[in-house]
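Okay, structure first, notes after.
The values are calculated or read from the model by the stated rules, or taken from the named source; none is laboratory data. No experiment lies behind these values; they were computed from the predicted model shown. Neighbour counts run over all protein chains shown; Cβ positions are idealised from the backbone, glycine included.
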Amino acid sequence: MRRRRFLSVAAGVTGAVAVGGSAALWHIQPRQSWLTAPDDTRPRRLPAGTRRTAVVVGGGLGGLAAATVLAGRGFAVTLLEQGQHLGGKVGGWTSVVDGKPVPVEHGFHGFFHQYFNLRGLLHDAGALVPSSFAPAASYPIAFADRPTEVFGTSTTVFPANLLDVVRQSPSLRFAEFRHGEQLLEMARYAGQETYRRFDDVDFATWAQQARVPPSMIDLVLRPFGEATLNRMERLSTAEALKFFHFYFTGSPGGLGFDVAVKDSMSAVVDPLAARLRALGGALRTQARVARVVVDGGQARGVVIGDENPLVTTPIAWGADDTALVSAGGAPVFCRRRREASGAVVVDAFDLRCSHQGCPVQPQPVGQGFACPCHGGRYDDLGNPTAGPPKQPLRRLPVVQQDGQDAVVVAASGGERIDADVVVVACDTRGTRELLLRSGLQDRVELGALAESEPFCIARLWLDRPVQASRAAFYTTSRFAYLDSLAIYSHFQRPFVDDAARDGGSVVELHAYAIPAERMAPPGAIADAMAKEMLVVLPELRGARVRHREVQLQASFTRFAPGDHAKRPSTDSGVPGLLFAGDWVKVDAPVALMEGAVVAGKLAANHALRAEALAEESIPIVAPHGPLA
């Protein structure tokens, strides 16, 4: 009876639409639309003899998108990345397992069919090919306390797509909604009107007020919402409704997505970088931007490298002969030690990781330094021993000043790069810190530039196989830590080949947005997820972990209630300074990787518009929900 009651609600929706005839039903179906339509009325490239320069700060997808568009239109583009590699959250590095180099990345990414702009970039780079990507067959959700539910990707016709979810799920009881209107709200995304109505309330509170049944929360709302890497209790309802529209009700591709059958650098980042170079763009890694140069109220370029006067900072030693000081804007760890000769030596290390600039944590004597963000390790002398770092920690000289030890940061002026356009495409933390160093905090709203709760990724190399019938990726629900898992030995080389040869498996575990009350050391979280994994993959009970890589980061964008109004848009308000990234406010339903690429293209379009050039087309899903 309950299911029939829900079907009658859905049938009523269909019937109401049908009053206007089949044309009205067709009109509300998910389809591709345009944020910026193709334009063949204006020139596409700068005129011969006209030189315009652009500096893009940040080598993630937003920065690569902006740089590629501008380079393709004749701008002289320089892309600067602080870390060792490009790609941002989709980047990767090489680790060593059993004496062999293997690729590792920030975590699993699904390449959904509605990622029109990201897929367009990959297509133009010659990378959207079967040798790099393959379709995922299904979208399973595994529960801690009941059987896994598997959803296919068959229909995208509204409201049949909603009925399909009900048909495929034995646990959903949509009829438990006392007010059908609340269910239909999921199909009413309406851009700024949705933000006006729902941005000030968190998604968990909205679900409670709407009397959403627990089965709906466990199966749909929490997994979908927390895929933003924001906890449901701290996620804006407007953002969640946009997310649901983008990934389901408004998507002509439904839940269909591809998986990368190569590592992310080979499949995504390297081809995009190669295309940018082919267009004449210059790429520089390990290039830390000290500040944006602002002259006459306008951005004129950037300064890279350290830009410090001579700084001498006294060391206040602790009882254990160590100290933490701030010298020249850098966190510095100091340590006194006695060599075999009896001489006392003072070491001072810049605690910014040589990989991505993350904060490094000193460990007990003999255990060196650890960067929890990407699993980097250094020995007691700052030399890299594990994980992605290739360069040692920077060592600073120590002198005697007034009878006291002091850290010296040498004077340096940095390198200035002039530009007509500066695009800042860092993550939220990098953008916030760069704007503060540039003295722009009074000209750009920084209140919404924040990170969501930390997340943990653990990739396990195991000596037992996973059943061949398992899906490549599982969303999970009702576990303490485990939010999803990916079976890399089922879809990505070289792990597929290694598993076929050795009989083992490679599984990656993800904990999204870990709340403060459950925060623990990275290894402890990885251990907890590994135990929870056995509920989903019981065939791995008793498997030996041959190797594991653990990351603990806090680098994803916060989408908290009230943030939207304070979020910067592409145009910073400072002439010549533009923004790109998944944190940028975009007047379109986009998210995650696709959101970063769209923001990058919008930043490029702002510069193209100033030169009277045709803007880059930006396809999107339907801007409003089918019932908006």
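Observations on the structure shown:
- Among residues of region 367-380 that are hydrophobic (A, V, I, L, M, F, W, C) and at pLDDT 90 or above, those with a beta-carbon under 6 Å from a residue that is in a loop (DSSP other than H, G, I, E, B) and surrounded by fewer than 17 Cβ atoms within 10 Å (Cβ to Cβ) at least six positions away or on a different chain give the pairs ALA370/GLN363.
- Evaluation of PRO309 against (1) touching a residue at least 60 places away in the same chain (Cβ under 8 Å); (2) within 24 Å of GLU451 (Cα to Cα) (one fails), failing number: (2)
- Exclusive hit being in a loop (DSSP other than H, G, I, E, B) and at pLDDT below 95, set VAL408, VAL444: VAL444
- Some residue of region 371-385 being in the same structural domain as VAL325 (by TED's automatic domain parsing), among the aliphatic types (A, V, I, L, M) and not in a loop (DSSP other than H, G, I, E, B): no
- Qualifying residue in region 589-602 (condition: part of a loop (DSSP other than H, G, I, E, B), out of contact with any Asp or Glu (no Cβ under 9 Å at 6 or more places or on another chain), at pLDDT 95 or above and not aliphatic (A, V, I, L, M)): yes
- Test: residue in region 79-91 that is in contact (Cβ under 8 Å) with a residue 24 or more places away in the chain and out of contact with any helix residue (DSSP H, G or I) (no Cβ under 9 Å at 6 or more places or on another chain): yes
- Candidates ARG291, ARG231, ARG222, filtered to the one that is surrounded by fewer than 20 Cβ atoms within 10 Å (Cβ to Cβ) and either out of contact with any Gly (no Cβ under 7 Å at 6 or more places or on another chain) or more than 28 Å from TYR481 (Cα to Cα) (or both): ARG291
- Those residues of region 251-271 which are touching a Ser or Thr at 6+ places or on another chain (Cβ under 9 Å), part of a helix (DSSP H, G or I) and β-branched (Val, Ile, Thr), in sequence order: VAL268
- Residue within region 174-182 that is surrounded by 22 or more Cβ atoms within 10 Å (Cβ to Cβ) and under 23 Å from VAL157 (Cβ atoms) present: yes
- Some residue of region 341-356 being assigned to a loop (DSSP other than H, G, I, E, B), polar (S, T, N, Q), surrounded by 14 or more Cβ atoms within 10 Å (Cβ to Cβ) and touching a residue at least 40 places away in the same chain (Cβ under 8 Å): yes
- Some residue of region 556-566 being surrounded by fewer than 23 Cβ atoms within 10 Å (Cβ to Cβ), more than 21 Å from the chain's Cα centre (by Cα), part of a helix (DSSP H, G or I) and not aliphatic (A, V, I, L, M): no
- Residue list for region 215-250, restricted to those being out of contact with any Ser or Thr (no Cβ under 9 Å at 6 or more places or on another chain), part of a helix (DSSP H, G or I) and among the polar types (S, T, N, Q): THR249
- Of the criteria (1) buried (at least 21 other Cβ atoms within 10 Å of the Cβ); (2) under 19 Å from LYS89 (Cβ atoms), which one GLY576 fails: (2)
- Output for region 129-142, where each listed residue is out of contact with any Pro (no Cβ under 9 Å at 6 or more places or on another chain) and crowded, with 18+ Cβ neighbours inside 10 Å: PHE133, ALA136, TYR139, PRO140, ALA142
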